[in-house]
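The values are calculated or read from the model by the stated rules, or taken from the named source; none is laboratory data. Please read these numbers as outputs of a predicted model, since none were measured by experiment. No Cβ is skipped: glycine too gets one built from the backbone with ideal geometry, and neighbour counts run over all protein chains shown.
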Amino acid sequence: MKYEFTIQKTTSPKEKPDPNTLKFGKTFSDHMFVMDFETGKGWHDGRIVPYGNLSLDPAAAVFHYGQEMFEGMKAYRTKDGRIQLFRPYMNAERTRKTNERMCMPDIDPELFVGAIKALVNVERDWIPEKEGTSLYIRPFIIADDPFLGVQAANHYMFIIILSPVGPYYDIPGGGMAPTKIFVEDEYVRAAVGGAGFAKVGGNYGAALKAQTRAADHGCAQVLWLDAIEHSYVEEIGTSNAFFMIGDEVITAPLLGTILPGVTRASVIELLNKWGIKVSERRLRIGDVVKAAEEGTLGEIFASGTAAVISPVGELKFKNSSIIIADGGVGPIAQRLYDTLYGIQTGTLADDMGWTVEV
Ligand SMILES: *Cc1c(COP(=O)(O)O)cnc(C)c1O
């Protein structure tokens, strides 16, 4: 089914930001997508309208009980001027799972991707061209019933906003820089049975405390451990974590506490294709420390839409410091970054069928 949306163009277009000083998530394009849901009526009135404030009842459910979800993805401009999305149907399928967990209405992947394509198409000029830049896409759904009872709402808004973003690392000429990561052994992100696999605001608001503490220790992010034993490695900040020990790359299994990243899935598929052993299995932080001591810890890196691949140079764990290999960028992280970023931006042929043209 093909969905149709109305378009109301802005009469006061903004000035485009300087591509050389773009930060993450600070400037937004001229238009946004908005669509309503009502029980009995379903999703309706999909529309592209000028970017602007929302008017919501202060009793709207989202403000009180956090019934909401979000997604994150990017549109890239290729050197020959095409615009492409990276595996958007995976974000659509993840949205369905998140919505199911949050008692929010299902949304047809064709409607989800169709709305993104329609908005990005209207905002084509907002996709920066400079190396390392892209257009970040933030779809989200909020419950806006004005009712203070704790129950699933009957009215929702699906909104998409767009933000031109610069390179994740501030390095002349592009590339990656190794990060310092704080192993968080007190606060937890998600427990089995909770909503760790869903991209819902509550998971992130509750993580700020640990992130602040990590920053106090000079670290960019936290490495989350499991909620029961505070022992098994789970995720790094808002990205998935990979550990290369010996000839095996290990990442946490999807048991309900891990956000199933599109980048994570792509990393696993590439490693399999390259014949590099990759395992989704539980791994204790103690075994990571032991591997570092024995010299078998080759690399640690994180994966996610924002940075694609983010190598870890150092772990801070219980007042000690673990330098990973020589503290630089490992060869697997580099190869994954080059391949994923190349496919996303069209400098490498997409032999995986991952990109979708707008
Ligand atoms: C979004 C997110 C990721 C990465 O997902 P991608 O689809 O690869 O961007 C990983 N962990 C958490 C907690 C996240 O919120």
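What are the residues in the range 262-293 that are within 16 Å of the ligand (Cβ to nearest atom), among the aliphatic types (A, V, I, L, M) and more than 15 Å from the chain's Cα centre (by Cα), if any? Hits for the range 262-293 are Ile268, Leu270, Leu271, Val278. Checked against (1) within 8 Å of the ligand (Cβ to nearest atom); (2) closer than 17 Å to Met69 by Cα; (3) crowded, with 22+ Cβ neighbours inside 10 Å, Thr257 meets all criteria but (1). Checking Ala198, Ala207, Ala191 one by one, the residue that is in contact (Cβ under 8 Å) with a residue 40 or more places away in the chain, of a type outside the set (S, T, N, Q), touching a strand residue (DSSP E or B) at 6+ places or on another chain (Cβ under 8 Å) and within 16 Å of the ligand (Cβ to nearest atom) is Ala198 and no other. Take the residues in the range 230-253 that are within 11 Å of the ligand (Cβ to nearest atom) and surrounded by fewer than 23 Cβ atoms within 10 Å (Cβ to Cβ); name whichever of them is farthest from the chain's Cα centre (by Cα). Looking at the filtered set, the residue picked out is Ala252. If you go through the range 36-58 and keep only what is assigned to a loop (DSSP other than H, G, I, E, B) and either surrounded by 12 or more Cβ atoms within 10 Å (Cβ to Cβ) or not aliphatic (A, V, I, L, M) (or both), you end up with Thr39, Gly40, Lys41, Tyr51, Gly52, Asn53, Ser55, Leu56, Asp57, Pro58. Candidates are the residues of the range 294-310 that are more than 16 Å from the ligand (Cβ to nearest atom) and part of a strand (DSSP E or B); the one that is nearest to Tyr341 (Cα to Cα) is Glu299.
Count of the range 262-279 residues, restricted to those that are small (Gly, Ala, Ser), within 20 Å of Thr355 (Cβ to Cβ) and surrounded by fewer than 21 Cβ atoms within 10 Å (Cβ to Cβ), is 1.
Residues that are among the polar types (S, T, N, Q), crowded, with 18+ Cβ neighbours inside 10 Å and not in a strand (DSSP E or B) occur in the range 197-218; there is at least one. When Gly328 is tested against (1) surrounded by 17 or more Cβ atoms within 10 Å (Cβ to Cβ); (2) at pLDDT below 95; (3) over 25 Å from Ala190 (Cβ atoms), just one condition goes unmet, and that condition is (1). If you check Val62, Val34 for being in contact (Cβ under 8 Å) with a residue 24 or more places away in the chain, β-branched (Val, Ile, Thr) and closer than 20 Å to Phe147 by Cα, only one passes: Val62.
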